[in-house]
Structures are given as C-alpha cells and as structure tokens.
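*Asks:* Below is the structure I would like to discuss, written out as structure tokens.
The values are calculated or read from the model by the stated rules, or taken from the named source; none is laboratory data. Source: prediction; values computed, not measured. For neighbour counting, all protein chains shown are included, and Cβ atoms are generated from backbone atoms with ideal geometry for every residue, glycine included.
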Amino acid sequence: MTVGVLVVDDSATMRGLIGAALKRDPEIEVLGFANDPIEAREQIKKLNPDVVTLDIEMPKMNGLEFLEKIMRLRPTPVVMVSTLTQAGADVTLQALELGAVDCVGKPVGGVTAQDAFAELTAKVKAAARARVKPYNGPIVPVERARDYRATDGVLAIGSSTGGVEALMTILSNFPDTCPPTVITQHMPATFTKSFAARLDKISGAHVTEAQDGDRLQAGHIYIAPGGDAHMEVTSSSHPVIRLRAGEPVNGHRPSVDVLFESVARLNRPSVGVILTGMGRDGASGLLSMKQAGARTLGQDESSCVVYGMPRVAFEIGAVEKQVGLSRMGSAILNLCAADTHRNA
C-alpha cells in the first residue's frame, strides 16, 4: 500500500527538502504541496491524503489553529515538522495534545536534511496506520480520591507514538499520594522538560524531568530525559534513578526495555504498563517484570494511536490484562493501592 502525503510548509526550500526525503521511499507518494493553511485546506479536500506533514509557523493561520480545525472537522494523521528548540518544543507538544501523531525536527545548526529527516518516512508510514480521533477539547484534571494510599512499590510506564495524549489522560487521574512513578516516553531531548511541566499542571502528583541520583518518592513522577542516556532504577536500601550512557536499544535512547529490566531487578512490588507506540521497545522488559512477580497492564488495540509496543508485549505473554485508555488510570491505581482487595 502506497501512502499519499500532502506537504504543508511556507518555505519553498523546506517543502523541497521534505518532499525529497519522502520520495526516497518507494512506499510513499507525495501527492502535493501547500504553502499555507488556506491552500492546504483545498488540497486536503482535493487530494484526500493519507498523511499531512505540517509546519507550525505559517502565514494566514498558524499550524496549531489549522491542526485543531483538521482534528475537529476532518481527523487526518498529521506529522508535525518543526524546529526542535525549547520554544518549538512547547508548541509541538500542544500539537501532539491536539492530535498530531508525531513530530520531526527541521535541520538546524549544521545538521543535514538527510540526518534531520532520517526518521521522517518511518513516522509518516506509522501515521498512515494510526487511529486518529476527533479533537474534543483539552484534557482537564479530574476529581481524585482523597483517601488513596499506594504500596511502597514502583510503577514503571513506557510509551511512544501517541503517548503524549495517553500519559496526560492517565496522569490527570493521579493523586498526590500516587506510587513513585518512572516513565520512559520516546521524545526528543528538548521536549521532556516541557512535557514534564505540562503533566505537572494537570496531575495531582509532582511531575519532573528525572535527574541522576533522584530518590524515588511517593507522589512524584519522573520522566526520562530524551536523547542522551537510558534511565534505570537501582536500589540498595531505597530506589534511586540512574541515567547512564549507552547505545540505543531497539533504536531508542532512552529505552523502555532498559527501564523495565532495571525495575524487574529491584526485588520489590512493582507494576509495569506499556502504552501506545510503534515497534517493540518495552515488550521483553515487561515480560521480565512479570516473571519477577510484577503486575502488568497493556493498552488495548482500540484505544492506541499505534498498536505496536502493546501488541508485541501481549503476544509474548508479558501483559496480564489489556485496558482501554479511558480506564487505564483507575486500573493502574487499583493495582498499586495499599488496599489489596482492590482489583484492576
């Protein structure tokens, strides 16, 4: 199956670079180009693309406004192509919250277009298979249980494509007494600090980008920094976060498998959760956690943007129970509750 793509960017040079990168893959067909959202709207009606690549800063209407209109009126898989600066990260995170499937960075600071767009074709093809849903407004904090108490175990979560929305939905349920939670979400290095700050605003827990040496505490959620290191949890008497250098695992650094394997070695009660994402990162690590006695959950197919990582984990027997996104937060908290009579 050939994936038809519409490229939207106000720069003719950037349209050419993105188009050239996509055309190198025989399974992708560039259907057309648009230099602003008004032209893009007509092209979408005319060409009915499988995927749209979208810039953020454009004339007549910015990319976020246009994306929201797309996701409300004609949900279409969108891959954002933006500058991966800190400011660009904040805006791109908003785009992912609005329903964009994924993002790639534009070439900057001596980075070649070939290097910058190395993952573009894979992300576009994954987006073509993604389940996109109408945008129904921002995620708002929910009423949280005031008497919730967690065990002294560790909660580990792994996610990738579609994980921004999934994590925001789940963590909005978390009270300030939630279990110590470690999360590896595949995300560029400049994004994770901003993402942690956005999560902190909607969760009852305190959410931060993890630092080497952080001691895990109840009511705290730690997001693995993107890009340069793997995140592990080690323990002699108390669980501590370690960020270590290393080659990518399953094509990712940080890797969900590395995190899960480290939690499996802790020899203490734990819960592992694998969410939406393409590929298989986290599946074998979740199996190790289960074999070590952890409880495990996987996001179900119908609620995943991309049913890749949870599918592989389920097929190898690592997932104890599959749960839809709308019920995942409460299912996790039930498994982590100090009241052992609660059930997921």
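*Asks:* What is the number of the single condition among (1) at positive phi; (2) of a type in the set (Gly, Ala, Ser); (3) touching a strand residue (DSSP E or B) at 6+ places or on another chain (Cβ under 9 Å) that Gly298 does not meet?
*Replies:* Result: Gly298 passes all but (1).
*Asks:* What number of residues in region 195-239 are small (Gly, Ala, Ser), under 13 Å from the mean Cα position of the chain (by Cα) and within 20 Å of Ala95 (Cβ to Cβ)? Please lay out each step first, then the result.
*Replies:* Applying the first criterion (small (Gly, Ala, Ser)) to region 195-239 yields 196-197, 203-205, 210, 213, 218-219, 224, 226-227, 229, 235-237.
Restricting the remaining residues to those that are under 13 Å from the mean Cα position of the chain (by Cα) gives 196, 224, 226.
Of the ones still in play, those that are also within 20 Å of Ala95 (Cβ to Cβ) are 196, 226.
The qualifying residues number 2.
*Asks:* Here's another thing I want to ask about it. Working only within region 165-212, note down all residues that are farther than 19 Å from Val305 by Cβ and among the small types (Gly, Ala, Ser).
*Replies:* Within region 165-212, Ala189, Ser194, Ala196, Ala197, Ser203, Gly204, Ala205, Ala210 qualify.
*Asks:* Name every residue in region 233-257 that is touching a helix residue (DSSP H, G or I) at 6+ places or on another chain (Cβ under 7 Å) and under 20 Å from Arg295 (Cβ atoms), in order of residue number. Walk me through how you get there before you give the answer.
*Replies:* So the first thing to find is which residues in region 233-257 are touching a helix residue (DSSP H, G or I) at 6+ places or on another chain (Cβ under 7 Å), and the list is 233-234, 249-250, 256-257.
Residues satisfying the conditions are Val233, Val256, Asp257.
*Asks:* Within the group Ile183, Ile221, Ile202, which residue is under 22 Å from Gly251 (Cβ atoms), touching a residue at least 40 places away in the same chain (Cβ under 8 Å) and β-branched (Val, Ile, Thr)? Can you show your working first?
*Replies:* Working: Ile221 fails: under 22 Å from Gly251 (Cβ atoms); Ile202 fails: under 22 Å from Gly251 (Cβ atoms).
The conditions single out Ile183.
*Asks:* Any idea which of Asp228, Asp257, Asp281 is charged (D, E, K, R) and at pLDDT below 95? First the steps, then the outcome.
*Replies:* Working: Asp257 fails: at pLDDT below 95; Asp281 fails: at pLDDT below 95.
Being charged (D, E, K, R) and at pLDDT below 95 holds for just one of Asp228, Asp257, Asp281, which is Asp228.
*Asks:* Okay, moving on. Conditions first: (1) outside any strand (DSSP E or B); (2) buried (at least 20 other Cβ atoms within 10 Å of the Cβ). Met80 passes all but one, so which condition is the exception?
*Replies:* Only one criterion in (1) outside any strand (DSSP E or B); (2) buried (at least 20 other Cβ atoms within 10 Å of the Cβ) is unmet by Met80, namely (1).
*Asks:* Give Ala210, Ala166, Ala156, Ala197 a once-over and let me know the one that is surrounded by 24 or more Cβ atoms within 10 Å (Cβ to Cβ), out of contact with any Asp or Glu (no Cβ under 8 Å at 6 or more places or on another chain) and without any contact (Cβ under 8 Å) to a residue 60 or more places away in the chain. Give the steps one after another, and end with the answer.
*Replies:* On the way: Ala166 fails: without any contact (Cβ under 8 Å) to a residue 60 or more places away in the chain; Ala156 fails: without any contact (Cβ under 8 Å) to a residue 60 or more places away in the chain; Ala197 fails: surrounded by 24 or more Cβ atoms within 10 Å (Cβ to Cβ).
Selected residue: Ala210, the only one of Ala210, Ala166, Ala156, Ala197 that is surrounded by 24 or more Cβ atoms within 10 Å (Cβ to Cβ), out of contact with any Asp or Glu (no Cβ under 8 Å at 6 or more places or on another chain) and without any contact (Cβ under 8 Å) to a residue 60 or more places away in the chain.
*Asks:* Name the single residue that is farthest from Gly277 (Cα to Cα) among those in region 112-151 being free of Cβ contacts under 8 Å to residues at least 24 places away in the same chain and in contact with a strand residue (DSSP E or B) (Cβ under 8 Å, 6 or more places away or on another chain).
*Replies:* My answer is Ala116.
*Asks:* Also, quick follow-up: Can you tell me which of (1) buried (at least 18 other Cβ atoms within 10 Å of the Cβ); (2) basic (Lys, Arg); (3) closer than 20 Å to Asp55 by Cα is the one Arg144 doesn't meet?
*Replies:* (3)
*Asks:* Within region 2-18, can you find the residues that are surrounded by fewer than 19 Cβ atoms within 10 Å (Cβ to Cβ) and under 26 Å from the mean Cα position of the chain (by Cα)? Let's see the steps before the verdict.
*Replies:* Step one: of region 2-18, the residues surrounded by fewer than 19 Cβ atoms within 10 Å (Cβ to Cβ) are 2, 4, 10-14, 16.
If the condition is that a residue be surrounded by fewer than 19 Cβ atoms within 10 Å (Cβ to Cβ) and under 26 Å from the mean Cα position of the chain (by Cα), then Thr2, Gly4, Met14 are the ones that fit.
*Asks:* Of all strands (runs of 3 or more DSSP E) completely enclosed by region 240-344, which ones contain at least 2 residues that are closer than 24 Å to Asp147 by Cα? Don't jump to the end; show me each part of the working.
*Replies:* Values: elements: 270-274, 295-299, 321-323.
Those strands (runs of 3 or more DSSP E) span 270-274, 295-299.
*Asks:* Scan region 115-157 for residues that are of a type in the set (Gly, Ala, Ser) and at pLDDT 85 or above and jot them down.
*Replies:* Result: Ala118, Ala122, Ala126, Ala127, Ala128, Ala130, Gly137, Ala150, Gly153, Ala156.
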